[in-house]
Amino acid sequence: MTSAGGSFTETFTAQVPFGLIGDYTLLMQSDSGNSLGEPNKTDNVTSAPIHVNASLPPNDLVAEVVTSPATGVTGQPISVAWRVDNFGTQAIPVTSSWFDRVILSSDTTLGNADDVTLGTFGQTGVVAANGSYTQVQNVTLPAGIAAATYHIYVVVDATNLERNLFLVSQI
């Protein structure tokens, strides 16, 4: 409590929510609960400008290395391997789970009508900041597809906590 005409200084630390970038106004309100019997409450709010810079996300999963055979046979399995790195600033906690998806495409556009999901694979557990995990899965090429050049994509965290992809070798 301060005496009449007195003042006080308070220092605090706050975490800016991830994803905010740009110029903002920081507002501070004293006696926000109106518990003091002040005759003038119009001077209880002050403000200051603040610029928020971009920062690395807490978790940023990226498929960095993906391998598959150069050729395949329709209706037969192929082995696809990928390494996912966490370029974020924090570890993914042990309670987290997500899905990586392997997609076959006849063109270089992910997400259009020609894409075929070859498999979706659950992931769980800790991935340290700057850590990684490796996955190797057998997926079956669709029976009856035309002989052609295809592209394999790996979409990391296919349920959209993140959306990262990597185009791999053509088969």
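The values are calculated or read from the model by the stated rules, or taken from the named source; none is laboratory data. All of these numbers come straight from a predicted model, not from anything done at the bench. Glycine also receives a Cβ, built like all others from the backbone with ideal geometry; neighbour counts cover every protein chain displayed. All accessible areas refer to the heavy atoms of the entire protein, side chains included, with ligands and DNA or RNA removed. Shrake-Rupley method; radii C 1.70, N 1.55, O 1.52, S 1.80 Å.
Identify the residue in region 60-78 that is aliphatic (A, V, I, L, M), modelled with pLDDT under 90 and open to solvent by less than 60 Å² (accessible area, probe 1.4 Å) and, among all such residues, is nearest to Leu20 (Cα to Cα).
Out of the qualifying residues, it is Leu61.
Can you tell me which residue within region 112-126, out of those that are part of a loop (DSSP other than H, G, I, E, B) and touching a strand residue (DSSP E or B) at 6+ places or on another chain (Cβ under 9 Å), is nearest to Ser68 (Cα to Cα)?
Taking the candidates together, the pick is Asp115.
Is it the case that some residue within region 91-107 is β-branched (Val, Ile, Thr), over 18 Å from Ser132 (Cβ atoms) and loosely packed, with under 10 Cβ neighbours inside 10 Å?
Checked against the condition, which is being β-branched (Val, Ile, Thr), over 18 Å from Ser132 (Cβ atoms) and loosely packed, with under 10 Cβ neighbours inside 10 Å, region 91-107 yields at least one hit.
Among Ala147, Ala81, which is the only one that is within 24 Å of the chain's Cα centre (by Cα), at pLDDT 90 or above and exposed (fewer than 15 other Cβ atoms within 10 Å of the Cβ)?
Testing whether each residue is within 24 Å of the chain's Cα centre (by Cα), at pLDDT 90 or above and exposed (fewer than 15 other Cβ atoms within 10 Å of the Cβ) leaves just Ala81.
If you check Gly19 against the conditions, is it open to solvent by less than 70 Å² (accessible area, probe 1.4 Å), part of a loop (DSSP other than H, G, I, E, B) and modelled with pLDDT under 85?
Yes; evaluated as a whole, the condition is true for this residue.
Restricting the first residue to region 30-59 and requiring it to be open to solvent by 90 Å² or more (accessible area, probe 1.4 Å), which pairs with a second residue that is not in a loop (DSSP other than H, G, I, E, B) meet a Cβ separation below 7 Å and a spacing of at least six or different chains?
Between residues of region 30-59 that are open to solvent by 90 Å² or more (accessible area, probe 1.4 Å) and residues that are not in a loop (DSSP other than H, G, I, E, B), the close pairs are Pro49/Asp23; Pro49/Thr25; His51/Asp23.
Among the residues of region 127-148, write down those that are of a type in the set (A, V, I, L, M, F, W, C) and assigned to a strand (DSSP E or B).
Listed by number, the residues that qualify are Val127, Val136, Val139.
Please count how many residues of region 116-128 are open to solvent by 40 Å² or more (accessible area, probe 1.4 Å) and not β-branched (Val, Ile, Thr).
Residues in region 116-128 being open to solvent by 40 Å² or more (accessible area, probe 1.4 Å) and not β-branched (Val, Ile, Thr): 2 in total.
Cβ-Cβ distance below 8 Å, separation of 6 or more or different chains: which pairs start in region 9-26 with a residue that is within 18 Å of Pro49 (Cβ to Cβ) and end on one that is among the polar types (S, T, N, Q) and open to solvent by 100 Å² or more (accessible area, probe 1.4 Å)?
Ile21/Asn53
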